[in-house]
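Notes for the one structure printed next.
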Amino acid sequence: MRLVQFCHRGGEVGVRVGVEQAGGQGVIDLKAFDPSMPSTMREFLEMGEKGMDCAKRALSSGQHVVAQTDVRLLSPVTGPEKVVCVGMNYKDHCLEQNAPIPKEPIIFSKFPSTITGPYDDIILPAESQEVDWEVELAFVIGQKGKHIKEEEALSYVAGFTVANDVSARDWQMKRNGKQWLLGKTFDTFCPLGPALVTTSALKDVHNLGIRCLVNGAVVQDSNTNQMIFQTEKLIAWVSQFVTLCPGDVFLTGTPPGVGVFRNPPVYLKVSSSIGKSMHISTWLG
């Protein structure tokens, strides 16, 4: 299934959780199908199998379909407890910067306020002149757990999506004591979505094409088979330290092609004098 969080373009009913029909026919409004369903993805995931079973029934029914033209897709998850990020997790990304392959996962975080929708603007802050792109495979936790065994880890995943770990390199690499947090956590620095694809719908999440386009040009193009620490390892590793909760988002690292390691470096800029925002396209598949 492809689960989404959306609002009607008319804006009269607020945020809803939906299931996308095949071929882009439309989105089934779960709350319209079953009024007991919550309005946000995080609450939906907290329901566990009850919520997923309802989504399957709704998809089979073909009822309460909202046309794609009447839907504004939001980030598939908003307001998670955690946004967990992994640095230096692609072999080819390590090679592009002549860095050694990490022996254990490098974990950092972004504030949940960075999350924005897949088609929303990324706001370029006046405080940074070195804003960069990082396409990433993301996954969302579906059930609570601590000290999760690697062989059981995938059962804790609700689904996968695509993200961009937008990064202010000047703040990440030169300022704030070279701590990464501030450079990673400006508002809108985590576009997410559009859909949360359930684990059962993917044959091999660690063999997917992953690419990023800026102004229509491909700047990153790799495969998730380059990941050093895969999903199961990351869940087992992080759950040693913190309890994972439904809705928690993991960004699993970026492949090569980021702007900072180009010669000369390339950063996101605004060509229009109206506003200070721009779009990046990210693809997984």
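The values are calculated or read from the model by the stated rules, or taken from the named source; none is laboratory data. Since the structure is predicted, the reported quantities are computational estimates derived from the model, not experimental observations. With ideal geometry, Cβ positions are generated from the backbone for all residues, glycine too; neighbour counts draw on all protein chains shown. Heads up: the accessible areas ignore ligands, DNA and RNA and are worked out on the full protein's heavy atoms, side chains in. Shrake-Rupley method; radii C 1.70, N 1.55, O 1.52, S 1.80 Å.
Filter the stretch 7-59 down to the residues that are out of contact with any Ser or Thr (no Cβ under 9 Å at 6 or more places or on another chain), closer than 17 Å to Gly159 by Cα and open to solvent by less than 60 Å² (accessible area, probe 1.4 Å) and list them by number. Listed by number, the residues that qualify are Gly18, Val19, Glu20, Gln21, Phe44, Leu45, Met47, Gly48, Gly51. On the given criteria, is Lys149 in contact with a strand residue (DSSP E or B) (Cβ under 7 Å, 6 or more places away or on another chain), assigned by the TED database to the domain that holds Leu192 and open to solvent by 10 Å² or more (accessible area, probe 1.4 Å)? No; evaluated as a whole, the condition is false for this residue. A Cβ distance below 6 Å, combined with a sequence gap of six or more or placement on separate chains, defines the contacts here; from the stretch 77-90, residues that are open to solvent by 10 Å² or more (accessible area, probe 1.4 Å) reach residues that are part of a loop (DSSP other than H, G, I, E, B) in the pairs Glu81/Cys245; Glu81/Asp248; Lys82/Asp248; Met88/Pro102.
Each row is one residue, and each column tells you yes or no for (1) among the acidic types (Asp, Glu); (2) in a loop (DSSP other than H, G, I, E, B); (3) touching a helix residue (DSSP H, G or I) at 6+ places or on another chain (Cβ under 8 Å).
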residue: Val19; (1), (2), (3): no, no, yes
residue: Gly23; (1), (2), (3): no, no, no
residue: Met37; (1), (2), (3): no, yes, yes
residue: Gly51; (1), (2), (3): no, no, yes
residue: Ala55; (1), (2), (3): no, no, yes
residue: Thr78; (1), (2), (3): no, yes, yes
residue: Glu81; (1), (2), (3): yes, yes, yes
residue: Leu95; (1), (2), (3): no, no, no
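Condition (residue is under 23 Å from Ala126 (Cα atoms), at pLDDT below 95 and of a type in the set (A, V, I, L, M, F, W, C)) applied to the stretch 214-227: is it met by at least one residue? Checking the stretch 214-227: at least one residue is under 23 Å from Ala126 (Cα atoms), at pLDDT below 95 and of a type in the set (A, V, I, L, M, F, W, C). For the stretch 112-124, the set of residues classified as part of a loop (DSSP other than H, G, I, E, B) and surrounded by 15 or more Cβ atoms within 10 Å (Cβ to Cβ) consists of Gly117, Pro118, Asp120, Leu124, listed by residue number. Restricting attention to the stretch 125-144, the residues being surrounded by fewer than 20 Cβ atoms within 10 Å (Cβ to Cβ) and of a type outside the set (Lys, Arg) number 6. Which one is surrounded by the most Cβ atoms within 10 Å (Cβ to Cβ), of the residues in the stretch 204-256 that are touching a strand residue (DSSP E or B) at 6+ places or on another chain (Cβ under 7 Å) and of a type in the set (Asp, Glu)? Result: Asp248. The residue that is nearest to Glu104 (Cα to Cα), among those in the stretch 187-232 that are acidic (Asp, Glu) and not in a helix (DSSP H, G or I), is Asp204. In the set (1) free of Cβ contacts under 8 Å to residues at least 40 places away in the same chain; (2) crowded, with 18+ Cβ neighbours inside 10 Å, Ala99 fails one condition alone, (2). As a summary of the residue check, Val65 satisfies the conditions (1) within 30 Å of Val19 (Cβ to Cβ); (2) in contact (Cβ under 8 Å) with a residue 60 or more places away in the chain; (3) hydrophobic (A, V, I, L, M, F, W, C) except for the one numbered (2). In summary, Gln63 fulfils each of the numbered conditions (1) surrounded by fewer than 20 Cβ atoms within 10 Å (Cβ to Cβ); (2) within 21 Å of Leu268 (Cα to Cα) with the single exception of condition (2). On inspection, Asp165 fails the criterion of being without any contact (Cβ under 8 Å) to a residue 24 or more places away in the chain and within 27 Å of Lys144 (Cα to Cα).
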